[in-house]
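The values are calculated or read from the model by the stated rules, or taken from the named source; none is laboratory data. Note that the structure is a prediction, hence the values are computed from the model and not measured. Don't worry about glycine lacking a Cβ; one is built from the backbone with ideal geometry, like all the others, and counts go over all protein chains shown. Note: areas computed on protein heavy atoms with side chains; ligands, DNA, RNA excluded. Shrake-Rupley method; radii C 1.70, N 1.55, O 1.52, S 1.80 Å.
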Amino acid sequence: QVQLVESGGGYVQAGGSLRLSCAASGSIFRDNRADWYRQAPGKQREWVAEIIRGDSTNYASSVKGRFTIARDNAKNTVYLQMNNLKPEDTAVYYCRILVGANYYWGQGTQVTVSS
């Protein structure tokens with residue numbers, strides 16, 4: 001059973017930065033697709049960023065240039081560095097990985113950005 005634990009969320013003023021971490025229970029991030037999603041109150045969960053084979057990355061247009069997804073295989077961890085945060089970035093952030101044909105989700109971490 002794959003387990004993901006997110007951390008790093010918190011409260012920050014607009015323009016600030018946070019780094020989210022998603023730690024896996026095993027060596028499962030190497031070459032496996034990993035994504036970050038977020039869900040704001042009253043809204044649907046939306047995709048934020050992905051890192052895929054060869055460490056290629058893609059981002060939603062709303063975060064491109066401000067967020068960076070990366071992974072550390074030695075630590076079995078995927079990160080989301082978030083800079084120049086805006087109030088509209090306020091949400092619960094979730095990581096997701098694809099292992100074989102199955103997706104696994106973390107429990108989420110709250111990010112709150114004040115204006």
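Annotations
- Some residue of segment 90-98 being open to solvent by 20 Å² or more (accessible area, probe 1.4 Å), under 16 Å from Ser21 (Cβ atoms) and of a type in the set (Ser, Thr, Tyr): yes
Quick grid of which residues meet (1) within 15 Å of Leu20 (Cα to Cα); (2) loosely packed, with under 15 Cβ neighbours inside 10 Å; (3) of a type in the set (Val, Ile, Thr):
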| site | (1), (2), (3) |
| --- | --- |
| Val48 | yes, no, yes |
| Gly54 | no, yes, no |
| Val63 | yes, no, yes |
| Leu80 | yes, no, no |
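- Complete set of residues in segment 24-38 that are over 11 Å from the mean Cα position of the chain (by Cα) and either free of Cβ contacts under 8 Å to residues at least 60 places away in the same chain or crowded, with 18+ Cβ neighbours inside 10 Å (or both): Ala24, Ser25, Gly26, Ser27, Ile28, Phe29, Arg30, Asp31, Asn32
- Of note, Tyr11 does not satisfy the criterion of being under 15 Å from the mean Cα position of the chain (by Cα) and not basic (Lys, Arg).
- If you go through segment 42-88 and keep only what is in contact (Cβ under 8 Å) with a residue 60 or more places away in the chain and polar (S, T, N, Q), you end up with Gln81, Asn83, Asn84.
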